[in-house]
Structures are given as C-alpha cells and as structure tokens.
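*Asks:* Dropping the structure in here first, questions after.
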Amino acid sequence: ARHVGPTLDAYARRSTIAGRWPNDAEHLARFIRAPQHLRPGGAMPALGVDAADARAMAAYLLTLH
C-alpha cells in the first residue's frame, strides 16, 4: 500500500495542521473541507465534506491522544 500522508495516531498531540495552522477544531474543520485553501499544492484532495461532517470529523480527530 502507498502512503501519502502521516498517520492519524495521536493526532490531537500535533501542534499544527499542514505545518502552519494551529491544530484546533476550527482550523481542522476548514482543512478537512478545503485542504488546498490552507495548503495550496498539498497532497490532500477536497473530499466534498459538508460543514457539519467536517466539524464532526475534526472533533473525533482531536480526541486521538
């Protein structure tokens, strides 16, 4: 299997998103919805996630200690 990004294990311990933005619920939900907006040229594609689902995904990721 080919891996593009880092593992999500212990995601909540990270201090930044895409090496630049604070790792908080607001920025993470924005990154999930529009990754190219926060990191142009990055490997993560837009997945068509709506705002509510992005908030739920961010809340879950921020529980991974």
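*Asks:* Using heavy-atom solvent-accessible surface (probe 1.4 Å) with all chains present, what is the largest-first order of VAL49, VAL4?
*Replies:* My answer, sorted largest first, is VAL4, VAL49.
*Asks:* Still on this model: Quick one: accessible area per residue over the chain, 1.4 Å probe, rounded to a whole number of Å²?
*Replies:* So the chain comes to 71 Å² accessible per residue, rounded to a whole number.
*Asks:* Once the mean 1/r over all distinct Cα pairs of segment 13-65 is inverted, what Kirkwood radius in angstroms do you read off?
*Replies:* After inverting the mean inverse Cα-Cα distance, the result is 11.1 Å.
*Asks:* Moving on to the next point. Assigning unit charges at the beta carbon (Lys, Arg +1; Asp, Glu -1) and nothing else, what dipole magnitude in debye, to the nearest 20, does the chain show about its Cα centre? Write out the running numbers ahead of the final one.
*Replies:* Details: 8 positive and 5 negative charges, 44 e Å.
That gives the chain a dipole magnitude of about 220 debye.
The values are calculated or read from the model by the stated rules, or taken from the named source; none is laboratory data. Just so it is clear, the structure is predicted and the values come from calculations on it, not from any experiment. All Cβ positions, even for glycine, are placed from backbone atoms using ideal geometry, and neighbour counts span all protein chains on display. Protein only, heavy atoms only, side chains kept; ligands, DNA and RNA dropped before computing areas. Shrake-Rupley method; radii C 1.70, N 1.55, O 1.52, S 1.80 Å.
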